[in-house]
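One structure is given below, encoded as structure tokens.
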Amino acid sequence: MNLDGVFRREYGRAVSVLVRSLGDIGLAEEVVQDAFVEAVRRWPADGVPPSPAGWLITTARNRAIDRLRREATREERHRQALELLAAERGDEEGEEGVVRDDRLRLIFTCCHPSLAMGVRVALTLRLLGGLTTEEVARAFLVPEPTMAQRLVRAKNKIRDAGIPYRVPYEADLPARLGGVLAVLYLIFNEGYSTVDRPELSAEAIRLGRVLAALMPDEPEVTGLLALMLLSESRRPARVTDDGELVLLPDQDRGRWDRGMVEEGHALVRQCLRRGRPGPYQIQAAINAVHSDAPTTGETDWAQVVALYDQLMVVAPTPVVALNRAVAVAELRGPAEALDLVDALALDRYHLHHSVRGNLLRRLGRPDEAAAAYETALRMATTDADRTVVRRLLDG
Amino acid sequence: MWVVTGCLRKDQAMKQYLLSIYQPDGTPEPEALEPVMRNLDALNKEMRAAGVWVFAAGLHPPETATVLRATGEEVLVTDGPFIEAKEFLGGFTVIRAEDLDAAMEWGRKLAAVLSPLAIEVRPFQ
């Protein structure tokens, strides 16, 4: 029984419900962790309950009640939390709908503009994604104590500065949305680039759906959801049975999840009709072009390059330029693409060197290609990425 | 089922926030200052009318400051501000607000009136 997996999946759900009742993130985390400890003790013998989330929430709530009873008389806010918790007791059947709203509240709290961007991502990954502090630290390439301190400071600020636990009022919503979308996409990618974390991508998609339902008039929300679905549709084809990554051109397109592709396409059409394109919608459209092609050879590269040109207008980053160069290589040949790639300041990004290796090899310069792949190997941060690079190097 | 929106508890419902106004060294031109002061006055009235205003004050420039620090029996007296900086605390407003969103909303108005001065929003304990 993989309890770690269950805990990671249910952490955000449980914490968000408890934060609402307790009004304190730190305390909510403590009682949820208590519930996990209890689960580790009981589930192996008793079996996993039919609703692990419900069990964990109920157990955490009872722990909170016990804790607050011991301390309740001292603080008014604890007494009020106690009343709230007691009232919620035995209401697990209604849990699902409430939970959904609670997670949305929590994500707007975690993504509050008074918090630095890096802090928002870290909080969301920790509190909603259920990553351990160590995993969040790894994602940020900082030592664990540094990340632990950063998270504590952020939670203190939320409490002491009075960052509200609610979905923003309508007038503030569009402005607050950009930060939330960026955070969701980072979470999605954490689950997508690390192949053994599909639950993070699923979580990002799930939160994306909630956001899209809440904000049907925001095409970038729809665009992000479409982008995530179209990427996710390829998951069955992008990993071999041995867990190795398969690059887009080599994927068995028959294994793509057609349901997600269809949904993604419909969403792309729906948001582009609004005529307010943004980075997520354009990236979704690029992915839709790929999904349309029965084989790599039949990809409409002219359309892909045109969409990247559009993307460079709204999001002119070196990574976008790198992806554009890959498409240019297909449309106009590797020589032109190599010039573009060499002009980019992306020395520490392993894909930059992988792409160079590929282009150099196609240009009949195998020694330089090998050197580029060697560099890519050094820069890659995950085992899955290193395996891919090694395969390219040997190929 | 309890449906809770917004701030959860009554005792947390109202917090106080310090809106500090940071301004660059030097005296602004009186003719530039005049419309700003008029707008500031209007904002203070708006804050009072909304019931969020607690206190507000402008300060004399930092060279009028004196710093005291006790070491053992002795109190050391220094002429000038505690921190020498290009920008200093020029004044402040204390408001009562439901949460940081509400406080930042008033902070935004203050920043707009005093543009391009920086406004720091900081919660009271």
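The values are calculated or read from the model by the stated rules, or taken from the named source; none is laboratory data. All values reported here derive from a predicted model rather than from experimental measurement. Counting neighbours? That spans all protein chains shown, and the Cβs are built from the backbone with ideal geometry, glycine included. Surface accessibility is based on the protein's heavy atoms, side chains included, excluding ligands, DNA and RNA. Shrake-Rupley method; radii C 1.70, N 1.55, O 1.52, S 1.80 Å.
Ordered from highest to lowest accessible area with the whole protein assembly present and a 1.4 Å probe, B:PHE55, B:PHE82 read as B:PHE82, B:PHE55. Could you list log10 I(q)/I(0) for chain B at q = 0.21 Å⁻¹, which the Debye formula gives when each Cα is one point scatterer? Taking Cα atoms of chain B as identical point scatterers yields -1.20. For chain A, a Kirkwood radius taken over Cα pairs fed into Stokes-Einstein (10 °C, viscosity 1.306 mPa s) yields D = 69 µm²/s.
Within a straight-line Cα-Cα reach of under 18 Å, B:LYS109 can be paired with the following aspartates and glutamates, leaving aside sequence neighbours fewer than 8 residues apart in one chain: A:ASP172, B:GLU34, B:ASP41, B:GLU46, B:GLU98, B:ASP99, B:ASP101, B:GLU120.
Here each label is just a point 7 Å from Cα along the line to Cβ, and for A:VAL37 and A:ALA171 those points are 4.6 nm apart. Computing FRET efficiency as 1/(1 + (r/R0)^6) for B:LEU68 and A:THR146, where r is the C-beta to C-beta distance and R0 is 25 Å, gives about 0.10. When B and A come together, around 1900 square angstrom of accessible surface is lost from both chains combined, probe 1.4 Å. Our Cα-only numbers for region A:1-82 put the radius of gyration and Dmax at 13.0, 42 Å. For A:THR295, the accessible area of its heavy atoms, probed at 1.4 Å with every protein chain present, is near 60 square angstrom. Accessible area per residue (1.4 Å probe, heavy atoms of protein chains only) ranks A:ASP300, A:ASP34 as A:ASP300, A:ASP34, with the largest value leading. Largest first and in whole Å, the equivalent-ellipsoid semi-axes of region A:156-250 read 31, 16, 9, each the square root of five times a Cα gyration tensor eigenvalue. Comparing mean-square fluctuations of A:VAL289, A:VAL313, A:VAL119 from a GNM of chain A with C-alpha springs under 10 Å, the top value falls on A:VAL313. 3J(HN,Hα) along region B:65-78: 7, 10, 10, 10, 8, 8, 10, x, 7, 8, 10, 7, 10, 10 Hz, from the Karplus curve 6.51 cos²θ - 1.76 cosθ + 1.60 with θ = phi - 60°, whole Hz, x for Gly and Pro.
Quick one: helix B:100-113 against the long Cα principal axis of chain B, what's the angle to the nearest 10°, folded into 0 to 90? The helix B:100-113 is inclined about 50 degrees to chain B.
Ordered from highest to lowest accessible area with the whole protein assembly present and a 1.4 Å probe, A:TRP55, A:TRP43 read as A:TRP55, A:TRP43. For region A:211-353, the share of alpha carbon pairs falling in successive 10 Å distance bins from zero is 12, 36, 38, 14, 1 percent.
Looking at the protein assembly as shown, the accessible area is 50 square angstrom per residue; that uses a 1.4 Å probe and ignores ligands, DNA and RNA.
Among the GluC sites (Glu not before Pro) found in region A:1-88, those both in a DSSP coil and sparsely packed, with 14 or fewer other Cβ atoms within 10 Å of their Cβ, are A:GLU75. In the protein assembly as shown, helical runs assigned H by DSSP with n ≥ 4 each contribute -39500 (n - 2.57); averaged across all residues and rounded to the nearest 500, the mean residue ellipticity at 222 nm is -20500 deg cm²/dmol.
Contact residues in region A:158-179 by the 20 Å² criterion (accessible area, 1.4 Å probe, full protein complex versus chain alone): A:ASP160, A:ALA161, A:GLY162, A:PRO164, A:TYR165, A:ARG166, A:ASP172.
With the cut-off at under 16 Å, measuring from each backbone N in region A:169-199 to a point 7 Å along the Cα-to-Cβ line of A:ARG274 picks out A:170-182. Angle of helix A:25-46 to the longest C-alpha principal axis of chain A, folded into 0 to 90 degrees and rounded to 10: 90°. The angle between the Cα long axis of helix B:30-50 and the longest principal axis of the Cα atoms of chain B comes to about 40 degrees, rounded to the nearest 10.
Just flag the GluC sites (Glu not before Pro) in region B:47-108 sitting in loop per DSSP whose Cβ has no more than 15 other Cβ atoms within 10 Å. Those satisfying the criteria are B:GLU73, B:GLU84.
Taken over region B:51-95, the percentage of Cα pairs per 10 Å bin, counting from 0 up to the bin with the maximum distance, is 23, 36, 28, 13, 1. A Gaussian network model of chain A, with springs between Cα atoms under 10 Å, assigns the largest mean-square fluctuation among A:ASP24, A:ASP242, A:ASP347 to A:ASP242.
When the solvent-accessible area of chain A is split by element, carbon and sulfur atoms take up 52 percent of it, the probe being 1.4 Å.
What is the distance in Å between the Cα centroid of region A:374-395 and that of region A:100-166? If we compute the Cα centre of each part, the gap is 31 Å. Extension gain for A:THR240 to A:MET117 (0.36 nm times residue separation, less C-alpha to C-alpha distance): 40.8 nm. Rounded to the nearest angstrom and listed largest first, the equivalent-ellipsoid semi-axes of region A:318-395 from its Cα gyration tensor are 19, 14, 10. Couplings 3J(HN,Hα) for region B:82-87, derived from phi with the Karplus relation 6.51 cos²θ - 1.76 cosθ + 1.60 (θ = phi - 60°), are 4, 10, 7, 8, 6, 10 Hz, where x marks Gly and Pro.
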